[in-house]
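Comments concern the structure below.
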Amino acid sequence: MHNTPMTMRSSPDENPSPQPTPLADALHRPMHDLRISLLDQCNFRCPYCMPEAEFHSEYEFLKRQQRLTYDEIVRVARAASRLGVSKIRLTGGEPLLDKNVCDLIERIAVLPGVEDLALTTNGALLAPIAEKLALAGLQRVTISLDSLDKEIFRIMSGGRGDLDAVLAGIKAADAAGLGPIKINVVVQKSVNDDGVLDLLEHFRGTGIIVRLIEFMDVGNRNGWRLNQVVPSRELLARIQKRWPMRAIGKNYPGEVARRYEYVDGAGEMGFISSVTAPFCGDCSRARLSADGKLYTCLFANQGTDLRESLRNGADDDELQQILTSIWLQRADRYSELRRPEIAEHHVLQKVEMYRIGG
Ligand code: SF4
């Protein structure tokens, strides 16, 4: 078991098949995590991911038949778990817009080899369903929350977010045991960085882990500039002035966050520093888009279409073969190679984050 002590929900499969030797890519990184986007739609319009001007009410999102069915998603998840994937994260867009998500969770939670089943959400729809998600087999949630200031929250959710609903969602998830809960904060200079200490103060001593994320040049539409990034080391210096912190180790290889704990025992927080301290060296994440493309990097410019193979009768062995050949060739390390002067011009047509989840 990797990181946090978790109680595995009742899995009928008491004799899990032995874990296969994880498949390794061209840089010797195992395929350990699979992120599955359930749909490309979202009820927020965060400017750094899905700016309103581009994703307006007329925007055409994927139609139902273009999206993978639950049967197809489970087949990919099963094939991936047979190749060493033990951590699955459900994402979107906003996955809780999928009203039957608990049915899918029940099916993935019992797959042999899946040890960690998590979901990333903006939290606005979480409160009424948290208990049901837990009962279905979900173990953890990560909630995006960029500010506790109502006005800044409104701006950073594209005018569509309800801060109180998100806070109620966090409370309900905590009560349902979907933890340890992680709070993802995308920090943008002169937008929400002044509110970082308030966010940390709010969750100190609660067991909920705040992770401060450096603003990234994901996709092609968020107008990223290096001067909008607040380096994690700068944030750490600000935090240290308020609370003494000490670095603590990773929970498992490939964990994206750099963890710190409060010396006074009030818990931990973390930094995800893709710009100033890239972590491609042990990146073990594959990403499946809602329309069935497998991407091997958050900043990839193309994915491999699995939907066609699935709908043209590929059996499980063939599916495993396809995943194996994709991963064996993988050599992505975009963040390590990022050249801000190029990234600022968005010349590389990268996949949009809303299509594959962060
Ligand atoms: S940039 Fe790509 S390879 Fe590097 S850590 Fe992110 S997803 Fe992994």
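The values are calculated or read from the model by the stated rules, or taken from the named source; none is laboratory data. Just so it is clear, the model here is predicted, and its values are computed rather than measured. A quick note on method: Cβ atoms are made from the backbone with ideal geometry, for glycine too, and the neighbour counts reach across all protein chains shown. Accessible surface is based on the protein model in full, side chains and every heavy atom, while ligands, DNA and RNA are left aside. Shrake-Rupley method; radii C 1.70, N 1.55, O 1.52, S 1.80 Å.
For the ranges 179-188, 216-225, what's the packing order if you count other beta-carbon atoms within 10 Å of each residue, average per peptide, and put the highest first?
Output ranking for 179-188, 216-225: 179-188, 216-225.
Identify, among Pro128, Cys102, Val74, the residue whose Cα sits farthest towards the positive end of the charge dipole of the stretch 47-149, taking +1 on the Cβ of Lys and Arg and -1 on the Cβ of Asp and Glu, with the dipole about the Cα centre.
Toward the positive end, the furthest listed residue is Val74.
Tell me what the chain gives for mean residue ellipticity at 222 nm when only DSSP H runs of n ≥ 4 count, each as -39,500 (n - 2.57), the sum divided by the residue total, rounded to 500 deg cm²/dmol.
Computed mean residue ellipticity for the chain: -7500 deg cm²/dmol.
Mind checking which aspartates and glutamates have their Cα closer than 14 Å to the Cα of Lys132? Skip sequence neighbours fewer than 8 apart in that chain.
Of all the aspartates and glutamates, those that pass the test against Lys132 - Cα under 14 Å, at least 8 places apart if same chain - are Asp98, Asp103, Glu106, Asp174.
May I ask you to give the solvent-accessible area per residue for the chain, in square angstrom, as obtained with a 1.4 angstrom probe?
42
At 1.4 Å probe size, with the rest of the protein present, what percent of the exposed accessible area of the stretch 22-356 is carbon and sulfur atoms?
Roughly 51 percent of what the probe reaches on the stretch 22-356 is carbon or sulfur.
Defining a contact as two alpha carbons under 8 Å apart and six or more residues distant in sequence, what relative contact order in percent does the stretch 22-356 show?
Relative contact order comes out at 22 percent.
Mind giving me the FRET efficiency for Gln66 and Asp315? R0 is 25 Å, r the Cβ-Cβ distance, nearest 0.05 is fine.
After rounding, the FRET efficiency stands at 0.65.
Measure up Lys87/Lys293; Lys87/Lys150; Lys99/Lys189 against 27 Å on the Cα-Cα distance and list the ones that go over.
Where the Cα-Cα span goes over 27 Å, the pairs concerned are Lys87/Lys150; Lys99/Lys189.
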